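The values are calculated or read from the model by the stated rules, or taken from the named source; none is laboratory data. All values derive from a computational prediction rather than experimental measurement. With ideal geometry, Cβ positions are generated from the backbone for all residues, glycine too; neighbour counts draw on all protein chains shown.
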Amino acid sequence: MNIAVFASHNGSDLQAIIDGCKGFMNTSVLAVISNNRDAFALERARKHNINSYHISEKILPDPNDINNEIMRILEINKIDVIFLAGYLKKLGQPIIQKYKGRIFNIHPALLPKFGGKGMYGINVHKAVIEAGEIYSGITVHRVDEEYDNGEIVAQTKVDVLNNDTADSLADRILEKEHTFLVEILSDIINGKIKLE
């Protein structure tokens, strides 16, 4: 199974996926795409000899050109599955259609709560605490045309502690996210989570 990971910043989830692939035969991350040329995710990819690509409006102002370039990269790398791991751009319609049911997003809350446009990173954790939730967690869902709307394939809970700040909750969720991602990867490879 050939995997592409899209990431905008540090890429710690990318690292978890790279490390998780080592436990499976014939499964590896072959491409990392970022809209941020300074993303550490691209450096992680280079350290592991993974093809890395910066694709953004700065180099391709026309959205159609961005879609075409992403499609070209996915095709030349023979990608089977895509993970959006902290990727802060919406994928174009042609990509979503071609890889329907094979694109998975990692969201740091229990959807359908705390999802949608603008609900990413620390914004999610602030909203969870402000709402007085006793649980947050991680959701992995298939990507469709709407933000955080696709079919939920797996979730895991993380307690919200009385003294939690958005930052402390974010740290605990991220730590759990890394192990959870490897479990999801295993379920995809073993066919427990079906690919369309």
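Apart from one condition, residue 196 fits all of (1) among the acidic types (Asp, Glu); (2) at pLDDT 95 or above; (3) surrounded by fewer than 14 Cβ atoms within 10 Å (Cβ to Cβ); the exception is (2).
The residue that is surrounded by the fewest Cβ atoms within 10 Å (Cβ to Cβ), among those in region 44-54 that are assigned to a helix (DSSP H, G or I) and touching a residue at least 12 places away in the same chain (Cβ under 8 Å), is 44.
Contact map, region 170-194: first residue over 15 Å from residue 16 (Cα atoms), second residue part of a helix (DSSP H, G or I) and β-branched (Val, Ile, Thr), Cβ cut-off under 8 Å, separation 6 or more or different chains; pairs are 170/122; 193/184. From the list 93, 97, pick out the single residue that is over 21 Å from residue 184 (Cα atoms), in contact (Cβ under 8 Å) with a residue 24 or more places away in the chain and exposed (fewer than 13 other Cβ atoms within 10 Å of the Cβ). Answer to the check: 93. Between 86, 92, the distinction of being out of contact with any Lys or Arg (no Cβ under 8 Å at 6 or more places or on another chain) and on the phi > 0 side of the Ramachandran plot belongs to 86 only. Total residues in region 134-155 satisfying the condition of being surrounded by fewer than 17 Cβ atoms within 10 Å (Cβ to Cβ) and of a type in the set (Ser, Thr, Tyr): the figure is 2. Just give me the residues in region 139-168 being touching a Leu at 6+ places or on another chain (Cβ under 8 Å) and in contact (Cβ under 8 Å) with a residue 40 or more places away in the chain, in sequence order. Passing the criteria: 140, 143, 148, 152, 155, 157. Consider region 1-40 and keep the residues that are in contact (Cβ under 8 Å) with a residue 60 or more places away in the chain and charged (D, E, K, R). The one that is surrounded by the fewest Cβ atoms within 10 Å (Cβ to Cβ) is 19. Residue 33 meets all of the listed conditions (1) among the β-branched types (Val, Ile, Thr); (2) part of a helix (DSSP H, G or I); (3) in contact with a Phe, Trp or Tyr (Cβ under 6 Å, 6 or more places away or on another chain) but one, namely (2).
Scanning region 55-90 for residues that are among the polar types (S, T, N, Q) and either in contact (Cβ under 8 Å) with a residue 60 or more places away in the chain or in contact with a Ser or Thr (Cβ under 7 Å, 6 or more places away or on another chain) (or both) yields one hit, 77.
Look at region 106-125: where a residue is free of Cβ contacts under 8 Å to residues at least 24 places away in the same chain and buried (at least 20 other Cβ atoms within 10 Å of the Cβ) and a partner is of a type outside the set (A, V, I, L, M) and not in a strand (DSSP E or B), sitting 6+ places away or on another chain with Cβ atoms under 6 Å, you get 124/108; 124/114.
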